[in-house]
Amino acid sequence: MGTVCQVCMHHCSLENGQRGLCGARENVDGAVVCANYGQAASLALDPIEKKPLKMFRPGRLVLSVGSYGCNLRCPFCQNYEISMDRNVETVFVSPDDLAGKARECRRVGNAGVAFTYNEPLVGWEYVRDTARLVKEYGMDNVLVTNGTAEIWVLEELLPFIDAMNIDLKGFTQEYYRKVGGELETVKAFIARAARDCHVELTTLIVPGENDRPEEMEEEAKWIASLDKEIPLHVTRFFPRYRMTDRAATDVRQVHELAKVAGKYLDHVFGGNC
């Protein structure tokens, strides 16, 4: 019988040497470890608005790092070259090195570190270790995540995270099943995170999938039940990865759905338009 990974709701049972669905967690002699620890596949100094964060440190830059691995299977993944490929070329960057690099970049307006590009929570130990050092330098930590993790993982990280952008893929379990996730897991993650750090949400509108006004209305009502001040980014889909069978989302539809959400939320932004 394998060792069960407890990081997300998939609870992969892994034999020695086997990796989970995410491709980043591995059973090593009976312990499930972070196989992508410090393995940077992408490192860039980005405007913080690209995360996207509209209402946290506007105008600042953030040193963004990503590895490989993801515990969802979105057919429209924008970063599939690294998130879905465990053989992607990487360079080891220790927590000390990354925190030090963030501090060096402070002179050009860097606010801190963003853990992004792939799903950072499949390697949450690296996020924790690095974020702790970044905070010691008096800088900020940003997490860009799908929110598909158990609450205990979030509790480990919350003391060090200043802001998050969390993907809320849609607002039906049927749609979450298509991307390999679970709506209630993400809702619980969002609700907990919003209590202790700055949270912004992103919903990518995929034509024919999650684009009904009624679904957006239910989503916005639920977000408002947490806090109507939580910013929501309603963004435009473009054909990508395994979903090239449909055109990009009509810009008018993005604006219409943003208007629906705006009936309940104070800060709604259209994106990728």
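The values are calculated or read from the model by the stated rules, or taken from the named source; none is laboratory data. Everything quoted here is computed from the prediction, not taken from an experiment. A quick note on method: Cβ atoms are made from the backbone with ideal geometry, for glycine too, and the neighbour counts reach across all protein chains shown.
Observations on the structure shown:
- Within the range 55-72, the set of residues being in a loop (DSSP other than H, G, I, E, B) and in contact with a Leu (Cβ under 8 Å, 6 or more places away or on another chain) comprises Asn71 only.
- Val88 fulfils the conditions (1) modelled with pLDDT under 95; (2) assigned to a helix (DSSP H, G or I) except for a single criterion, (2).
- Hits in the range 62-78 - residues which are surrounded by 22 or more Cβ atoms within 10 Å (Cβ to Cβ) and either in contact with a Pro (Cβ under 9 Å, 6 or more places away or on another chain) or among the small types (Gly, Ala, Ser) (or both): Val62, Val65, Gly66, Ser67, Gly69
- Test: residue in the range 156-165 that is surrounded by fewer than 23 Cβ atoms within 10 Å (Cβ to Cβ) and in contact with a Gly (Cβ under 9 Å, 6 or more places away or on another chain): yes
- Residue count for the range 63-91, restricted to those that are of a type in the set (Phe, Trp, Tyr) and either more than 20 Å from Val127 (Cβ to Cβ) or touching a residue at least 60 places away in the same chain (Cβ under 8 Å) (or both): 2
- Pair list, Cβ under 9 Å, 6 or more apart: the range 173-199 residue free of Cβ contacts under 8 Å to residues at least 40 places away in the same chain and among the polar types (S, T, N, Q), other residue buried (at least 16 other Cβ atoms within 10 Å of the Cβ) and assigned to a helix (DSSP H, G or I): Gln173/Leu183
- Test: Leu157 is assigned to a strand (DSSP E or B), of a type outside the set (Val, Ile, Thr) and out of contact with any Pro (no Cβ under 8 Å at 6 or more places or on another chain): no
- The sole residue among Leu43, Leu14 that is out of contact with any helix residue (DSSP H, G or I) (no Cβ under 6 Å at 6 or more places or on another chain) and surrounded by 18 or more Cβ atoms within 10 Å (Cβ to Cβ) is Leu14.
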